[in-house]
Amino acid sequence: MARAVFLDKGDGYGFHLASEKGVQFIRRIVEDSPAQNAGMLEGDRLLGVNDENIIGQNHSEVVEIIRKGGSSCRLVVISPAPTLDLTDDSQMMLQMPRECVLARKDKGFGFVLHSERKQKTSTTFYMTKLQETGASWEAGVNDDDRIVSIDGELITSDLEHAEVVQKIKDKKVIKVVVVSRHNMLDLSLCQALRVPALRRVVYEEQSAPVTSVPEISARSSSTTSSAQVHENSTDTSTTAPSAEHLPSSRSSSEKTEEVDENGNFRDIDFTKMSLSELRSTIRLGKKRQTRDMSWAQQRSVFKDL
């Protein structure tokens, strides 16, 4: 977890600041130096200098901030851990104090205030039992976060539980700075290093009721059919098309014009006809014929198909 170390420069701080892929790491700690005596470890990542969050800043900017501190500085570092990726800025931001804006909902702010008294005059306050999708959860609070401040006022260890409740009660919106339970930073440093919390968004599935399916065009441009699907039902009912909308490729008069009185085909564009149209035309031609078509006549009819 993130922790603060205080260094007096003396002949030097006794560590090398290495920039690795834009991330600032502590390397080559000198034995019996201020850095070693303060508890800094090889491979620690630097998160803050004095009261400034340096996540995302480049090497030269961080060096300049340290130099401005003069003969001493306060560094915020975090050591490697199996569950942490020290090169991931988003993970590192979660280790820093977070400022969360809570807007009261119908069920309140969505957390239970828990206090732990370590000594007779020392109490620490936590936000526990978060309601999923509640105001605290949406604001970026994590379960069991320690409360640093409420509306800019530090929640010090000498406060009573009822006093903290009073700072929350009857308010519609509160601004809370929180930090993970095991974070070892003091309240004032947490307040200085706070970063805006990442809000959580609830995505609600919204499905518009389907009242009909798109019209389906048959091969003939004048032929359409429609089906209506009832909402909230596993069954679908289809409305039968009226007679005027029934698939009809050609009228009988059109067919008569395509076949003369002797049953011969004339001026027919077979390439634009469907199979059912073709069959109907052939049947109509056969009815008007006085005799069967010869093979030569059939071949002349179908040679272009």
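Computed from backbone phi with θ = phi - 60° and the Karplus coefficients 6.51, -1.76 and 1.60, the 3J(HN,Hα) list for the stretch 77-84 is 10, 9, 8, x, 8, x, 9, 10 Hz; x is used for glycine and proline. Annotation: amide H-H contacts under 5 Å for Ser149 (H modelled 1.01 Å from N, sequence separation of 5 or more, or interchain): Ile155, Val177.
Going by average Cβ neighbours within 10 Å, how do the peptides 187-199, 54-66 rank, with the highest at the top?
Values: 187-199: 17.1, 54-66: 14.5.
Descending mean neighbour count gives 187-199, 54-66.
Computed over neighbours whose Cβ is under 13 Å from that of Ile26, the net charge equals +1, Lys and Arg +1, Asp and Glu -1.
Annotation: extensible slack from Arg28 through Asp106 equals 22.6 nm (criterion: 0.36 nm per residue apart, minus Cα-Cα distance). If R0 is taken as 51 Å, the Cβ-Cβ distance between Ser157 and Ser60 corresponds to a FRET efficiency of 0.80. Quick check: Cα centre of the stretch 150-189 to Cα centre of the stretch 68-121, how many Å? Centre-to-centre distance over Cα atoms comes out at 12 Å.
Model label points for Thr87 and Val173, set 7 angstrom from Cα along the Cα-to-Cβ axis, are 4.0 nm apart. For Ala2, the residues 5 or more places off, or on other chains, whose built amide H falls under 5 Å of its own are Met184. Once backbone amide H atoms are built at 1.01 Å from N, Ser72 has Lys9 as its partners under 5 Å, excluding neighbours fewer than 5 places away on the same chain.
Summary of packing: across the peptides 167-175, 136-144, 88-96, the per-residue average of other C-beta atoms within 10 Å ranks them, highest first, as 136-144, 88-96, 167-175. You can think of it this way: the chain between Ser180 and Thr121 has 19.0 nm of extra reach, that is 0.36 nm per residue less the Cα-Cα gap.
Readers should treat all values here as calculations from the given coordinates under stated rules, not as data from a laboratory. Note that the structure is a prediction, hence the values are computed from the model and not measured. So basically every Cβ, Gly included, is an ideal-geometry build from the backbone, and we count neighbours across all protein chains shown.
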